[in-house]
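Worksheet: one structure, shown below.
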Amino acid sequence: MNNYFVSGVGTGVGKTVASAVLVEALQAAYWKPVQSGDLHDTDSMKIAKWTNCPQIFPERFRLQFPASPHQSSRMEHVSIQVADFQLPQTDLPLIIEGAGGLMVPLNDKDLMIDLIKALQISVILCSMYYLGSINHTLLSYEVLEKYAIPIAGLVFIGTENPASKSFILQHTQLPVIAEIPYAPIVDKDFVCSQSKNVCVDLL
């Protein structure tokens, strides 16, 4: 079964938009293991609004304070352990969206990448075009390699920068699964149109 963990090279690079496009392209189920902040408008709620997602699993942890899970959980007297997470059971492909980047702490010891490793799942890495994105993308690539986590490919987000894109691809030799342009408003029409451009043969 095609299960993928969608991670970004940083916070706010467009993981939820990318996850929505992938969900629509694969007609996949969706799971956000940890929601930290924005409980009035969670990423799961956005997926429900933006896609025809057939199955959205509840978050394992819902934390009110908008910070890294280790800080939010401490403030709310909640314990988060890697062993608390198990892959949801589904007959559909599954898109799992992380919180922040790979090195975001879940607790005082474990990072988001430790959860990915424990779930034994491939990563789709989202890179947004901005000053510094080459550095952040290559660092994310290197740490995934260090942890021996398979990388299915890259999703580029934003207004294309050919120089950045070519350098990242030359260094990583990863395939491009999708390229999602900047959109001032994200809605179901935008997500559905972008889903047609996903290289599903790579997944």
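Looking at this structure, is LEU111 closer than 22 Å to LEU144 by Cβ and hydrophobic (A, V, I, L, M, F, W, C)? Before you say what the answer is, go through the steps one by one.
Details: closer than 22 Å to LEU144 by Cβ: yes; hydrophobic (A, V, I, L, M, F, W, C): yes.
Criteria met by LEU111.
The residue that is nearest to LEU119 (Cα to Cα), counting only those in the stretch 150-176 that are touching a residue at least 60 places away in the same chain (Cβ under 8 Å) and of a type in the set (A, V, I, L, M, F, W, C), is ALA152. Of the residues making up the stretch 25-66, just one is assigned to a loop (DSSP other than H, G, I, E, B), of a type in the set (A, V, I, L, M) and surrounded by 15 or more Cβ atoms within 10 Å (Cβ to Cβ), namely ALA28.
Among the residues here, THR137 qualifies as of a type in the set (Ser, Thr, Tyr) and touching a helix residue (DSSP H, G or I) at 6+ places or on another chain (Cβ under 8 Å).
A quick yes/no check of all residues on (1) of a type outside the set (Phe, Trp, Tyr); (2) within 14 Å of the chain's Cα centre (by Cα); (3) under 25 Å from GLU179 (Cβ atoms):
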{"residue": "VAL6", "(1), (2), (3)": "yes, yes, yes"}
{"residue": "SER19", "(1), (2), (3)": "yes, yes, yes"}
{"residue": "HIS40", "(1), (2), (3)": "yes, no, no"}
{"residue": "ARG62", "(1), (2), (3)": "yes, no, no"}
{"residue": "SER68", "(1), (2), (3)": "yes, no, no"}
{"residue": "ARG74", "(1), (2), (3)": "yes, no, no"}
{"residue": "PRO88", "(1), (2), (3)": "yes, no, no"}
{"residue": "PRO93", "(1), (2), (3)": "yes, no, yes"}
{"residue": "GLY100", "(1), (2), (3)": "yes, yes, yes"}
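Within the stretch 115-132, how many residues turn out to be under 21 Å from PRO105 (Cα atoms) and either in contact (Cβ under 8 Å) with a residue 60 or more places away in the chain or of a type in the set (Gly, Ala, Ser) (or both)? Number of matching residues: 11. Return a yes/no flag: does the stretch 164-187 have any residue that is over 24 Å from LEU26 (Cα atoms), among the hydrophobic types (A, V, I, L, M, F, W, C), surrounded by fewer than 15 Cβ atoms within 10 Å (Cβ to Cβ) and modelled with pLDDT under 95. No, the stretch 164-187 contains no residue that is over 24 Å from LEU26 (Cα atoms), among the hydrophobic types (A, V, I, L, M, F, W, C), surrounded by fewer than 15 Cβ atoms within 10 Å (Cβ to Cβ) and modelled with pLDDT under 95. For PRO150, the conditions (1) over 27 Å from LEU87 (Cβ atoms); (2) surrounded by fewer than 19 Cβ atoms within 10 Å (Cβ to Cβ); (3) in contact with a strand residue (DSSP E or B) (Cβ under 9 Å, 6 or more places away or on another chain) are fulfilled apart from (1). Taken over the stretch 94-150, residues that are assigned to a helix (DSSP H, G or I), closer than 22 Å to ALA67 by Cβ and either in contact with a His (Cβ under 9 Å, 6 or more places away or on another chain) or among the charged types (D, E, K, R) (or both) amount to 1.
The values are calculated or read from the model by the stated rules, or taken from the named source; none is laboratory data. Keep in mind the model is a prediction, meaning the values are calculated, not measured. A quick note on method: Cβ atoms are made from the backbone with ideal geometry, for glycine too, and the neighbour counts reach across all protein chains shown.
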